[in-house]
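None of the figures in this text is laboratory data; all of them are computed from the coordinates on show. Since the model is a prediction, treat every value here as computed from it, not as a measurement. Note that we place each Cβ from the backbone using ideal geometry, even for glycine, and neighbour counts take in every protein chain shown.
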Amino acid sequence: MIKLADGEFDPKKALEQYPEGSIEYDILSRMIKSDHLYNYSSQDELDFEITMRKNIVDSSIAVYRGRLAFRTFRESKCNEDYWVRRPDGGFVLKRDVKPADAINDIFRNPRKYGTECATVMVMIFYKSVLDIYGDKLFNNAFSEITLMNWQELDDLMGVATQRKVPDYFEGDCRYFRNPDVNPLTPEWQGENAIFLGGRKYFGHGIGIATPLMIIESLNSNRIEDAEASAYLMDTATRPDFRSLYLYQKHSA
Amino acid sequence: MPASSLGLLDNIRYSNGIQGLINYYRELLRCDLQKALDLINDPGLRFCTLYVLKSEVSGSETRGKLEPSYSTALELAGKLSGEVSPRFEKEVRAAGGNTAALLEWMFRTGLEEIEPDSEYELIMERIACLLVKSCNNRSILPELAELIFFRHRRGALIHELAWAFFEARCVESLPLIAYRLDSPDIRDVRLAIKLLGFIPADSMTYDKAMSWISGNRPFLYYTGESLHLDGRPQHYRVSLAAKYMCLPVSPDTGEPAVPLRDTGQELLVSFSKLSDSLQQKLADFSWYLYRQDNYEWNRWIRLSFKEQAERLNQMTGWLS
């Protein structure tokens, strides 16, 4: 169910904006059919979230096609024209570099980058905001960026992990946990993966795959005689769509 | 296993630095081989010093004359320093006591990380992961906590060490993190707050954290969350149903340590359908009453949820 604070929500009219079978249509129709009440200040805010979720899916596919390398933090690499690599393997935006240019560079020159899965999720989130904000607003909003999995994220991005959410939607980052991972390869302790729709997920290092394929990949990196299989946790990591929308609205 | 007193070579490393130690030892090998062997085989030698001199002691003049456990330690370090076969984990498990004891010695005496050296950091990290996950060694958790905060202060990677620490599923180890809330170094405080993100507190202090841990200790269970999943992972969660029933849980599963009878199971199912806030209040009050007045608790727990909430409200104003 969807409720708009500034007026009546018309499900039919809202759905008519998008072609049937599109990601946007799928997200909206599941929100409408859900038992959970989704509150938005306006149709604009709802449209913002749906567009950004679509951007997250598109950016995930772009990372996959660009063949950005999987590397552990210890071996991470970045284009040092735009980023400074820290001793812990994270990347910090260089001074005198425009944030939008630095984020776009990851997608234009993916071969110059290599990192582990959570940092790629954050890159995808930033790119998705950039595609909705445009360069100028993005540069104003994110003058300092650190890419180091879920650490030191910008407050405006508001990325948070929600537990026991009523519904999952395209653009959610889900987590597959591998409890019996081989302790010599802890980078396989779990996989962050963007839900792309249908039964498809994008997990950096694994690719576009079904949940079963991701679980099999993780299971192949367990200890010998492992008893517990990898599994999909009931979490969803999401940017704060509302804050991002309000920032854009008040900057207009 | 070697004794714990400090070796002369360790003292030289402290005084003259790593390069000073290497220069000294090379000279000693050249002019007094026996003394060089005596010093490197000192039972008090620390692993970090042995590791610094690994190239020097691998020469033909010392081969076969190194104390066997030191020789094995360097072999293990070599295996753990680069691409490592996944089967090595099983070999460690299968090898049992001697290998586990040697790894523990390497970890305990290797803590002073010699340089921001990726290879050595990786070795220590893998030893910690093996000790906790494969050898079930919880005795190293104080040193592991020390290493996590030490590395964090110098901006190094801590994710896998923190993961190993919590994978020990040891609720008793949480004060090792909590006491850093009182650290004069703000970096320690920030990290402690992050690692204890599962404790609900507006402004976290050591006293608040310890009070919460002790008040929920029997009902805490490990969730498997880590810094790979979230910036503030909820490493532990309180089983509210178990707290409500005053039944300790397994820290591994969150299930009551003692199996419930059918009536208990039914009660737990009904309890889980209550709102989160009501579950929290009933659980907190139940555990409080249980400790204060067991007779009264036995009467209270038999009431309906509605009556329990009313009673709770009358007695304490907890629902106001």
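Applying 1/(1 + (r/R0)^6) with R0 = 35 Å to the Cβ-Cβ distance of B:Tyr295 and B:Asp202 gives a FRET efficiency near 0.45. Only loop residues by DSSP count here, and only those with at most 11 other Cβ atoms within 10 Å; note down the trypsin sites (Lys or Arg not before Pro) in segment A:6-85 that meet that. Here the sparse-neighbourhood loop sites are A:Arg67. Summarising the amide proton neighbourhood of B:Tyr236: residues at separation of 5 or more, or on other chains, whose placed amide H is nearer than 5 Å comprise B:Phe198, B:Thr223.
Is the C-alpha gyration tensor of segment B:7-72 telling us rounded, prolate or oblate? Criteria: a/c under 1.5 is rounded; beyond that, a/b larger than b/c is prolate, otherwise oblate. The shape class here is oblate. Can you work out the PRE-style zone for A:Ser243? Point 7 Å along Cα to Cβ, and I want the residues of segment B:167-198 with backbone N under 20 Å. Residues B:190-191, B:193-198 qualify, since their backbone N sits under 20 Å from the label point. Distance between the pseudo-spin-label points of B:Asn23 and A:Ala69 (7 Å out from Cα toward the beta carbon): 3.7 nm.
Can you give the average number of partner chain beta-carbon atoms within 10 Å of each beta-carbon in peptide B:271-280, as a whole number? Mind showing how you got there, number by number?
Details: counts 0, 0, 0, 0, 0, 1, 0, 0, 0, 0.
Neighbouring Cβ atoms belonging to other protein chains average 0 per residue here.
To the nearest ten degrees, helix B:262-272 and the longest principal axis of the Cα atoms of chain B are 90 degrees apart.
Among the listed pairs A:Lys98/B:Lys194; A:Lys33/B:Lys273; A:Lys3/A:Lys164; A:Lys127/B:Lys208, give every one whose C-alpha distance is greater than 28 Å.
On the way: A:Lys98/B:Lys194 30 Å; A:Lys33/B:Lys273 22 Å; A:Lys3/A:Lys164 21 Å; A:Lys127/B:Lys208 40 Å.
The pairs that break the limit, which is 28 Å between Cα atoms, are A:Lys98/B:Lys194; A:Lys127/B:Lys208.
Taking chain B as the reference, fit the longest principal axis to its C-alpha atoms, fit the long axis of helix B:118-129 to the helix C-alpha atoms, and give the angle between the two in degrees, 0 to 90, nearest 10. Once rounded, the angle reads 50 degrees.
Normalise the Cα radius of gyration of segment B:1-141 by 2.2 N^0.38 Å (N = residues in it) and let me know the number. For segment B:1-141, the normalised Cα radius of gyration is 1.04.
Backbone amide hydrogens, once placed in the peptide plane, bring A:Gln162 within less than 5 Å of A:Ala236, A:Thr237, A:Arg238, excluding anything fewer than 5 places away on its chain. With only Cα atoms counted, segment A:200-248 has Rg and Dmax values of 15.9, 52 Å.
Fewest to most neighbouring Cβ within 10 Å: what's the order for A:Val63, B:Val132? Working shown, then result.
Values: A:Val63 21, B:Val132 24.
Lowest to highest Cβ neighbour count: A:Val63, B:Val132.
The calculated pair-distance distribution of the protein assembly as shown uses every alpha carbon pair, bins of 10 angstrom beginning at 0, and gives 3, 15, 22, 24, 19, 11, 5, 2, 0, 0 percent.
Using just its DSSP H runs of length 4 or more, each adding -39500 (n - 2.57), chain B gives a mean residue ellipticity at 222 nm of -17500 deg cm²/dmol after division by all residues.
Here's the picture: charge each Lys and Arg Cβ at +1 and each Asp and Glu Cβ at -1 in segment A:80-217, and of A:Gly205, A:Gly158, A:Leu93 the one pushed furthest to the positive end of that dipole is A:Gly205.
Shielding by partners for peptide B:222-228, expressed as the average number of C-beta atoms from other protein chains within 10 Å of each residue's C-beta, is 6.
Each peptide in B:239-245, B:287-293 receives the mean, over its residues, of other Cβ atoms within 10 Å, and ordering these scores from highest gives B:239-245, B:287-293.
For B:Lys65, the lysines whose Cα falls under 24 Å of its own Cα, not counting residues fewer than eight places away in the same chain, are B:Lys35, B:Lys54, B:Lys79. Here the residues B:Ser277, B:Ser183, ranked from fewest to most Cβ neighbours within 10 Å of their Cβ, fall in the order B:Ser277, B:Ser183. For A:Ala69, the amide hydrogen comes within under 5 Å of the amide hydrogens of A:Tyr113, A:Thr115, counting only partners 5 or more places away or on other chains and with H modelled in the peptide plane. For segment B:197-239, the relative contact order comes to 44 percent (Cα pairs under 8 Å, sequence separation of at least 6).
Take each residue of peptide B:81-89, count the partner chain Cβ atoms within 10 Å of its Cβ, and average: the result is 3.
Between A:Asn109 and A:Val165, take the C-beta separation as r, use R0 = 35 Å, and let me know the FRET efficiency to the nearest 0.05.
For A:Asn109 and A:Val165, the calculated efficiency is 0.50.
Expressed as a whole percent, the proportion of Cα-Cα pairs in chain B lying more than 24 Å apart is 63%. Label-to-label distance for A:Tyr231 and B:Ile186 is 4.2 nm, based on points extended 7 Å past Cα in the beta-carbon direction.
Using the 2.2 N^0.38 Å rule of thumb for compact globular proteins, work out how segment B:153-306 stacks up: its C-alpha Rg over that value, please.
Output field value: 1.16.
By the gyration tensor of its Cα atoms, with a ≥ b ≥ c the square roots of the eigenvalues, what is the shape of segment B:132-180: rounded for a/c under 1.5, prolate for a/b over b/c, or oblate? Oblate shape, in that a/c is at least 1.5 and b/c is the bigger or equal ratio. Enumerate the residues in segment B:51-87 having an amide nitrogen under 11 Å from the point lying 7 Å beyond the Cα of B:Asn98 toward its Cβ. Counting only backbone N, you get B:68-69, B:72. Derived scalar couplings between HN and Hα for segment A:70-86 equal 8, 9, 6, 4, 5, 10, 5, 9, 8, 7, 6, 6, 10, 10, 9, 7, 8 Hz in order, rounded to whole Hz, by the Karplus curve 6.51 cos²θ - 1.76 cosθ + 1.60 (θ = phi - 60°), x for Gly and Pro. A full extension of the chain between B:Asn11 and B:Arg237 corresponds to an added length of 76.8 nm, given 0.36 nm per residue minus the alpha carbon distance.
Using a 10 Å cut-off around each Cβ, can you sort A:Thr72, B:Thr49, A:Thr235 from fewest to most neighbouring Cβ atoms?
Numbers: A:Thr72 17, B:Thr49 28, A:Thr235 23.
Ordered by Cβ neighbours within 10 Å, fewest first: A:Thr72, A:Thr235, B:Thr49.
Can you bin segment A:93-250 into rounded, prolate or oblate? Criterion: square roots of the alpha carbon gyration tensor eigenvalues sorted a ≥ b ≥ c, rounded for a/c under 1.5, prolate for a/b above b/c, oblate for the rest. Because a/c hits 1.5 or more and a/b exceeds b/c, segment A:93-250 counts as prolate. Applying 1/(1 + (r/R0)^6) with r as the Cβ-Cβ distance of A:Asn219 and A:Lys77 and R0 = 22 angstrom yields a FRET efficiency of 0.20.
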